[in-house]
Amino acid sequence: MSVAGQRAMGIPVRQREVSLSVVTVAIVAAIGGGLFGYDTGVISGAILYIKREFPIDDTTEGLVVSAVTVGALAAAMFAGVLADRAGRRFTNIAAGLVFAAASLLCAVANSVPTLVAGRFLVGCGIGLTSVGGPMYIAEAAPPRVRGTLVSLFQLAVTIGILLAYVACAILAPAAAWRWMLGLAAIPGLLLAVGMLFMPESPRWLVRRGHRTDARAVLAQIDPHEDPDAALAQMERDLAAEGHGTWGELLQPALRPALLVGIGLAVFQQVTGINAVIYYAPQIFQAAGFTSDLTSLAATTGIGVINVLATFIAIGLVDRVGRRPLLIAGVLGMVAMLAVLGLAFHAGAAGTGASSLGVITAFCLAVYIVSFAFSLGPIVWLMIAEIYPLRNRAQAMAVSTASNWGANFLVSLSFPVMAGRLGSTATSFTYAAFGVLTLVFIIAKVPETKGRTLEEISKLWR
């Protein structure tokens, strides 16, 4: 009997082993997450030395850092069209090739405009994989482990960030920022080649009428389920939904899901995570870690914590659920941002300068832990699972583009905010956005644990 049948009859569903095939699919697709993380984190160390080779002001520095987010925003919208027409698998292959080419361009850049262009193309690769990666894993994964497997994408993001910090720390004595940026070409090629050997998403195959291929993939990725029953259910749901259009995103029926997806995507950014990821060494320097190597070492410690804390989400997301983790994590983020703001205020007043570095390290560590088991993985999971199949690619593209639009504003504005408003006001601003995030989650975000993608689609109706 299928899992859905057992659930309908009130029979407890036993957690069965996951096939090696679907794990392999998730791991290969998650390489894109690793690239996403590496290219997000590497600029935090590279910018220290880029500023010495190319004299730039705060605004130009923000442009070099945030060019990635502009490219990601643009590519995310295109990724929705590409994922629908060419397939989820092809979208990830394209992402790997773009990553490789863009990383090499950054490594040989001889001017700020060339570097910005390379960073923009890196962002295009991130935009493609941030749509194609989670969508591909979510559509291939069995419902009982979908949260865990999609969370591997975010785990890969955190590993990529950590590897970027380690690379920066190792290459710092030589000020080798070109190597820092160029190393991403290697995993870019690995992603493109690895995806050549992966199957296409069964739901995309059903939508394109490739019934035999879809059945073969279903049997491969979940041998514990009846592929014919799963295939028939997908065909019935697709027949009821039809093929979606971009214009339908404005229809009332899709509006609640789109509100949740865009809201989560934006709140993930405006709570300040990429201000920390992009500018962590400079934050530590402002807190008293004076040397480049010391601040990079402290930043690497934050990267280790980020990776380890993501395992909390992987272990609990399919047991505890999405909403409890989101609420607990955002509460932790708000508390740490508030304490950090107070610490910077005391340091500026001269009453807590001696302990500012320790307090900053502690607050950022707990902040990262809180993000890593909540807004980090669960936002990407939920925007990959909450939309109906007919509109999934378009709605994911809009949600992801919203994420990168917010990311752009945060990364561009942080140097200006920190310079003009000061660290205290900047921390309190992000904390205020955290409070708004918490209210939004409690009021609008549903629980999707254990439901099939088709059941989640019906939930909105």
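The values are calculated or read from the model by the stated rules, or taken from the named source; none is laboratory data. Owing to the predicted nature of the structure, the values given are computational and were not obtained by experimental measurement. Cβ sites come from the backbone with ideal geometry, for glycine too, and all protein chains shown count toward neighbours.
Miscellaneous remarks
- Within region 87-121, the set of residues being of a type in the set (A, V, I, L, M, F, W, C) and within 19 Å of the chain's Cα centre (by Cα) comprises Ile93, Ala94, Ala95, Val98, Phe99, Phe120, Leu121.
- When each of Thr424, Thr437, Thr429 is tested for being at pLDDT 90 or above, more than 27 Å from Pro256 (Cβ to Cβ) and part of a helix (DSSP H, G or I), the lone residue that passes is Thr429.
- Within region 7-18, if we keep just the residues that are in contact with a Gly (Cβ under 9 Å, 6 or more places away or on another chain) and of a type in the set (A, V, I, L, M), the residue that is modelled with the highest pLDDT turns out to be Val13.
- Residue check for Leu191: free of Cβ contacts under 8 Å to residues at least 60 places away in the same chain, closer than 28 Å to Gly96 by Cβ and surrounded by 17 or more Cβ atoms within 10 Å (Cβ to Cβ): no
- Among (1) modelled with pLDDT of 70 or more; (2) outside any helix (DSSP H, G or I); (3) of a type outside the set (D, E, K, R) - the single one Gly244 does not satisfy: (1)
- Identity of the residue in region 40-56, at pLDDT below 85, buried (at least 24 other Cβ atoms within 10 Å of the Cβ) and not β-branched (Val, Ile, Thr), that ends up nearest to the chain's Cα centre (by Cα): Gly41
- Within region 377-409, being of a type in the set (Gly, Ala, Ser) and surrounded by 24 or more Cβ atoms within 10 Å (Cβ to Cβ) holds for Ala384, Ala393, Ala395, Ala397, Ser399, Ala401.
- Each residue in region 227-253 was checked for being surrounded by fewer than 16 Cβ atoms within 10 Å (Cβ to Cβ) and either in contact with a Ser or Thr (Cβ under 6 Å, 6 or more places away or on another chain) or small (Gly, Ala, Ser) (or both), and 7 pass.
- Lone unmet requirement of (1) among the aliphatic types (A, V, I, L, M); (2) out of contact with any Ser or Thr (no Cβ under 9 Å at 6 or more places or on another chain); (3) closer than 23 Å to Asn274 by Cα for Ala75: (2)
- Hits in region 57-94 - residues which are among the β-branched types (Val, Ile, Thr), at pLDDT below 90 and surrounded by 17 or more Cβ atoms within 10 Å (Cβ to Cβ): Val64, Val65, Val68, Thr69, Val70
- Going through (1) buried (at least 19 other Cβ atoms within 10 Å of the Cβ); (2) of a type outside the set (Lys, Arg); (3) assigned to a helix (DSSP H, G or I); (4) at pLDDT 90 or above one by one, Ala109 falls short only on (3).
- Checking Val439, Val435, Val416, Val369 one by one, the residue that is under 26 Å from Ala138 (Cβ atoms) and aliphatic (A, V, I, L, M) is Val369 and no other.
- Test: residue in region 334-357 that is polar (S, T, N, Q), touching a helix residue (DSSP H, G or I) at 6+ places or on another chain (Cβ under 6 Å) and surrounded by fewer than 24 Cβ atoms within 10 Å (Cβ to Cβ): no
- For region 203-227, a residue qualifies if it is among the aliphatic types (A, V, I, L, M) and in contact (Cβ under 8 Å) with a residue 24 or more places away in the chain, and the qualifying residues are Val206, Val217, Ile221.
- Residue match in region 19-39 (condition: on the phi > 0 side of the Ramachandran plot and modelled with pLDDT under 80): no
- The set of residues in region 430-445 being of a type in the set (Phe, Trp, Tyr) and closer than 20 Å to Met417 by Cα consists of Tyr430, Phe433.
- Test: residue in region 135-150 that is within 13 Å of Leu35 (Cα to Cα), of a type outside the set (Phe, Trp, Tyr) and surrounded by 24 or more Cβ atoms within 10 Å (Cβ to Cβ): no
- Condition check for Glu200: in contact with a Lys or Arg (Cβ under 7 Å, 6 or more places away or on another chain), assigned to a loop (DSSP other than H, G, I, E, B), within 23 Å of Ile456 (Cα to Cα) and touching a residue at least 60 places away in the same chain (Cβ under 8 Å): yes
- Looking only at region 410-445, residues that are surrounded by fewer than 18 Cβ atoms within 10 Å (Cβ to Cβ), among the aliphatic types (A, V, I, L, M) and in contact (Cβ under 8 Å) with a residue 40 or more places away in the chain come to 5 in all.
- Residues of region 359-378 that turn out to be within 22 Å of Asn403 (Cβ to Cβ) and either among the hydroxyl-bearing types (Ser, Thr, Tyr) or in a helix (DSSP H, G or I) (or both), as a count: 12
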